[in-house]
Structure formats: C-alpha cells, structure tokens
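Derivation of every value follows stated rules applied to the coordinates shown; laboratory data play no part. Owing to the predicted nature of the structure, the values given are computational and were not obtained by experimental measurement. Backbone-built Cβ (ideal geometry, glycine too); neighbour counts: all protein chains shown.
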Amino acid sequence: MGERRSPSFYWLLALFVLFVVFLYGPMLTIIILSFQGPEGGLTFPMTGFSLHWFSKLWNDGLPNVDIWSSFGRSARLGAIVMALTVLLSLMAGLAYRKGFVGSNALFYVVIASLIMPSIVVSLGIGLEFRIFDDLIKRYAPAFIADGYDTGMGLYTSTLGAHLTWTLPFGLLIMFAIFNRFDPRFEEAARDLGATPWQILRHVLLPIIGPSVIGIGLFGFTLSWDEIARTSQAVGYLNTLPLELQGQTTTVTTPVIYALGTITTAVSLAVIFVALAAILMLRQRQGAHGSDAGRGMV
Amino acid sequence: MHSGSATDRTVPGWAQVLPLAVVFVVFFIVPLGLTAVVSLWNYSEYEILPDVTARNYLEAFEGCADRLLSSSPALCTTLKTYLTTLRISATVWLITLILGFAIAYFLAFHVRLLGVQIVLFLLCTIPFWTSNVIRMISWIPLLGRNGLINQTLVKLHIVNQPVEWLLFSDFAVILAFVHLYTLFMIVPIFNSLMRIDRSLLEAATDAGASGWQTLSNVVLPLAKPGIVIGSIFVLTIVMGDFVTVGVMGGQQIASVGKMINTQIGALQFPPAAAHAVILLATVLLIIWCLTRLVDIRKEL
C-alpha cells in the first residue's frame, strides 16, 4: 500500500465520523437535557442548568414505581449473572478443549439461543414456570402446596432468561481465546511438574485473564439492560429496564432523562473499569513476558 | 505417558460443561418444547386446557383465505402484521448491511495502526453495552413534534409546520433499529475482512483491476461469511422484536413480536405460542437459506 490515501479513504472517513455522531449524538442529548432547569421540558431549549431533576428523582422517584428497589434488584442480578457467565463459560471452554460426547449438539444449541427471537424464549420460560406452578399446586404434598404461590422470580426464571442471552457470548469468546491459545505453555508447565490446578491458576488464567474480564463485561451489561427475554420471565418484581420501558409513555418530565443518565453512567462505569483492567493486565503481561535467566522468582 | 491435554487427570469434560448444559436444557430447550406443545392446546377465558387442537393455528389465519380470494381482495390482520414485520426487517437488513460493510471496510483496510483500530472499534462497540431503551428514548428530544430537528426545519422555513412522521412512525422504528444493531453487522464483517490476505488485494491491483473490481471480485466473496453471520443476527433480532417497535412506533405499529406480547398480556398463551412457532419457522427458513452460503463453525 502506498503512502498516499485514495479518495475512498476520505469518503469512508466522513461516513465513519457521521456514524459515530449518529451513535453518540442522541445519548449525549438526553444527558444534556437531564440537567434541564426546573421549568424546562422534554425538549430544547434548556431553561437553565440544574440538578433539579436528579434531586427530584432521588427524593420522589417516579410516579407509581419504586424505582430505587428495581435499581438495586437489577444491580444484584447483574452481578450474579456476571459471576455465573464467567464461571460457566470458563468451565465449558475448558471442557471443549478436551472434547465430550455431544459437544457439537451443545454448540448448536448455544448458537440457537443466541439467535432465537427473545420473545419466543421469554414466552417459553413463562409457560414452563406456569405449568410447574400448576403441577405443584395440584400434586405436591400439602406442606409444600399450601401457601405456595409461584416459582417465578428474580433468581429463578429471570436469572435463567438472562443466562440464555449472556452465556452464548461468553462461550464464543472462550472459543476465540482457545483458538489462538498456544498449548505449549501448558505442556511446559506440566513437564515441570505442575498439577492441573496449578496450570489453571498460574498459566492459563494469567494468559486468558483479559478475555475473561471481557466475558464479565458482557455478562453484567447485557443483564443490566435486558428487556426482551425478561419480559415474560419476571415474577412480581420488575427489573430496572422493564420499569423504564413502562415509563417512556407516562413520564412527561426530564426526570426520565435523569434516570437514563444514571443508568448509562452505571453501564459506562462498568465498561471503563473492565477496559482499564484489561489494559492493565495486558501491560503486566508485556512487562513479565519472560523471566528467562532470572532463576526462581 | 500423558495423553491429550494437561487437565485430563482431574475433571472429565462432560462434568465441566454440565452446569452450562443444564442452564440451556432448563431455560431454553424445555421452554421451546413446551411452547410447541402449548401451541396445540386449547384454552378458555380462565385457563389453559391440555387437550390437542389445531384451533390456535386455524384461528391465527381465520378468514385470511376468504378475504384474499374475495371479489375485492384484502389482507387479513395477521398477514398484514407478518408483511409489515418482513418489510421492516428487509429494510433494516439492507441499510445495516451497506452501512456495516462500509464501516468495517474502513476499520479493516484504511486504519493502519493497530492501536487506532482498537480504539475506533471500541468506539463503535461501547453503545452496545449501554441500555437499548435509553438509546431509543434519546431520539425523542431530536425527532419529536417540538424536537430539535423540527425546530431547525421550521426556523429555516424549510417547512411551515412541524413534520409529524419523524417520531412514532415506521421511519423512527427503522432508524432506531439501524442505530441499535448496525454493530451486529460491523463485528462479523470486520472479522472476515481482517482475515483477507493483503497480498490478494495487491495482486488484483497489479493485474489491472479497478477499485470496484477488486471490491466485487475479491473482497466481497471473501467477506461473505461475515455478511451472512451479521445478516442472521440482524434479521432474527428485528423479526422477533416488540420493544423497539413498541417504543419507537408509539405502540401503534403491529409486528409479530408485538402481537405475541399483546396476546400474552391477555393471558392467551396457546395462540401466543402458535404465533411464536410460526415466527420461529419463518426465522429458521431465513437462516437456513443464509447458511446454505457458509459454514459458520469455521469462522470462529
């Protein structure tokens, strides 16, 4: 390739810049509008610059909704989904390296889950728990059936629904890692007498660490924002995005933008912590790339 | 002597993969199976009745044939809804494909420094990790009746009255889909483009091919796997969507996903399940057609 840029470069550069404006512009708009003055409305112009709508959100919440409880619920659920996504994807990734009966079939199931319309998955999980509830109420012994209401809930049906969405990303990332992984690192460790646990702890995890953090990033952020699969798989208590979606038509003040800004801030904080951690691990790997000739460390 | 990989001596593979497999059996395979079963069940106002009937499928398209074949042919509501969904999906697919390919091409071929490439790629990816609903709501102050765009248009005397079709319309729905899901095209196409051996492009140029000829005869065929994977993502998401169509369409536009969601809201589970099965069959047909073109497993 020559030094001079072709005309197509400038066209595509312009398109790329426009695309980035298109991606971030609207988000920036509601962040700005969430600092709207107390008399201001849902659109420009700004009547002032204030924290009015944030303090209103903090003190009064949203009409008819306990927004801070759902905020806490979504945060806890996101943390659990993140932990399980990392753990289960990592274990499955290791299993795929060894091979097991039905590995191909499971792979296709996972891919199917990724591209399955979410409304279908959600409806199915909802039906499953309804039928389960009916069976319990009808056939279970009295000490279980009495007072039994439903098995649906945040840490049963909703958690499961989220995992069907986050685990495919986790597993695909594991595949991408191990496709590029050099098995000689492990062989060297094994030849030196390391146990399987030591290999995992001291060889494998340090090398794939950055990608594992990436899996965690997907786990939390996808759960934190999930609506479609959650919709029919929640019990009595809604998650934050579901409440937010319900409020889009009823709330007519910038309070909804304030909530949007806070939700986005949580996502961005998680993203930047994760990216920073990945960068840090990469740099440490670069610094400690080889300890040849240094003797026992 | 050792055989196989290093951790053979401890946990067998099937035990390590078991938790993940259980999640997909309990929360994916069984629910799908139950959806298929319930789509064949009867129902009354109050409950689901587990006896087999074709009622839900027949009622889904009730009167459609009569109306189509009548002296003044017309589409029934169900067919209209499916056609609307297909039309929106096709439009979104075409736009995201062209836009996604152009962006991926720029990132893969025109950005020369790896560091810059990573930063620009992340710039495209970060919004994907933020909330979809917020990203939809954020169009309201721009597209609304008193939104920024209408204010500008009126002020510049391009229009006398605010344009109504910007928000809560087909246009808004398609715009939001493009906004949300172009990334699903960019990532797989970028992945395919990065695997293209650069010497092939030089060879094409040396052999006298023009830029367009290189694009259509070398780059596009080699980018096919990424294009197919991206297309599957975008089409399946848009076909089954009810959130974006609901919020951006002002709850006025009917899509298949929205129809299913409404039926569930009315606790009509068997007809909802029947539509879910029909939707699934449609989506699978589309995917099957697309995968004729490529072996996905080779692309990871």
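Extent along the principal axes, Cα only, for region B:73-299: 62, 50, 38 Å, with the longest axis given first. Fewest-first ordering of A:Trp11, B:Trp129 by other beta carbons within 10 Å of each residue's beta carbon gives A:Trp11, B:Trp129.
Relative to the compact-globule estimate of 2.2 N^0.38 Å, the Cα radius of gyration of region A:1-108 comes out at 1.87.
Normalised by the number of residues in chain B, the mean separation of alpha-carbon contacts (under 8 Å, six or more apart) gives a relative contact order of 23 percent. Modelled spin-label separation between B:Ile98 and B:Val116, with each label point placed 7 Å from Cα along the Cα-to-Cβ direction: 2.7 nm. When +1 charges are put on Lys and Arg Cβ atoms and -1 charges on Asp and Glu Cβ atoms, the dipole computed for region B:1-146 relative to its Cα centre reaches about 760 debye. Here the Kirkwood formula, the inverse mean of 1/r across different C-alpha pairs, assigns chain A a hydrodynamic radius of 23.1 Å. A cysteine counts as unpartnered when no other cysteine's C-beta lies under 4.7 Å of its own; in chain B this applies to B:Cys124, B:Cys289.
Backbone phi angles across region A:113-129, fed through the Karplus curve with coefficients 6.51, -1.76 and 1.60 (θ = phi - 60°), yield HN-Hα couplings of 5, 5, 9, 6, x, 4, 4, 5, 4, 5, 4, x, 5, x, 4, 4, 6 Hz in residue order; Gly and Pro are listed as x.
The mean number of Cβ atoms from other chains found within 10 Å of a Cβ in peptide B:236-244 is 5, as a whole number.
Just checking the output field for A:174-186: average partner chain Cβ neighbours within 10 Å of each residue's Cβ?
Working: counts 0, 2, 2, 0, 1, 1, 0, 0, 0, 2, 0, 1, 3.
So the per-residue partner count for this stretch is 1.
In this structure, A:Thr250 and B:Val37 have a Cβ-Cβ separation that, at R0 = 56 Å, corresponds to a calculated FRET efficiency of about 0.90. Charges were assigned to the Cβ only: +1 to each Lys and Arg, -1 to each Asp and Glu. The resulting dipole of region B:73-299 about its Cα centre is roughly 180 debye. Here the label points at A:Asp60 and A:Asn179, each 7 Å from Cα along the C-beta direction, are separated by 5.3 nm in the simple model.
Based on the alpha-carbon set only, what is the convex hull volume of region B:1-113 divided per residue, in Å³?
Details: hull volume 32.1 nm³, N = 113.
Normalising the Cα hull of region B:1-113 by residue number yields 284 Å³.
With a Förster radius of 51 Å applied to the C-beta separation of A:Gln283 and B:Glu164, the computed FRET efficiency comes to 0.45. Reducing region A:49-108 and region A:127-200 to their Cα centroids gives an inter-centroid distance of 14 Å.
Pair-distance distribution of region A:103-174: all C-alpha pairs, bin width 10 Å, starting at 0; shares per bin in whole percent are 18, 38, 26, 15, 3. Converting the Cα gyration tensor eigenvalues of the protein assembly as shown into ellipsoid dimensions via √(5λ) gives semi-axes, longest first, of 38, 34, 28 Å.
In square nanometres and to one decimal, what's the mean projected area of the convex hull around the Cα atoms of region B:119-178?
5.0
A protection proxy built from the mean count of other Cβ atoms within 10 Å ranks the segments B:60-67, A:194-201, B:84-91, most packed first, as B:84-91, A:194-201, B:60-67. Bridgeable lysines around B:Lys224 (alpha carbons under 23 Å apart, same-chain partners fewer than 8 residues away excluded): B:Lys298. Shielding of peptide A:15-27 by partners, expressed as the average count of other chain Cβ atoms within 10 Å per residue Cβ, is 6.
Defining a contact as two alpha carbons under 8 Å apart and six or more residues distant in sequence, what relative contact order in percent does region B:153-300 show?
Values: 131 pairs, mean separation 39.8, N = 148.
It rounds to 27 percent for region B:153-300.
Gain in length, B:Glu62 to B:Leu156, computed as 0.36 nm per residue apart minus the alpha-carbon separation, to one decimal in nm? Could you put the intermediate results ahead of the total?
Values: separation 94, 0.36 × 94 = 33.84 nm, distance 5.09 nm.
That pair, B:Glu62 and B:Leu156, stretches by 28.8 nm at full extension.
Between A:Ile207 and B:Arg55, what is the label-point separation in nm under the 7 Å Cα-to-beta-carbon projection? About 6.1 nm, to one decimal.
Relative to the Cα centre, the charge distribution of chain A, modelled as +1 at Lys and Arg Cβ and -1 at Asp and Glu Cβ, gives a dipole magnitude of about 820 debye.
Among the trypsin sites (Lys or Arg not before Pro) in region B:194-300, those located in a DSSP loop and surrounded by at most 11 other Cβ atoms within 10 Å of their own Cβ are B:Arg292. Label 7 Å along Cα→Cβ of B:Thr205; region A:4-25 residues with amide nitrogen under 19 Å? Correct set: A:4-13.
Send over the per residue convex hull volume for region A:169-297, Cα only, as a whole number of Å³.
Details: hull volume 19.6 nm³, N = 129.
Each residue corresponds to 152 Å³ of Cα convex hull volume.
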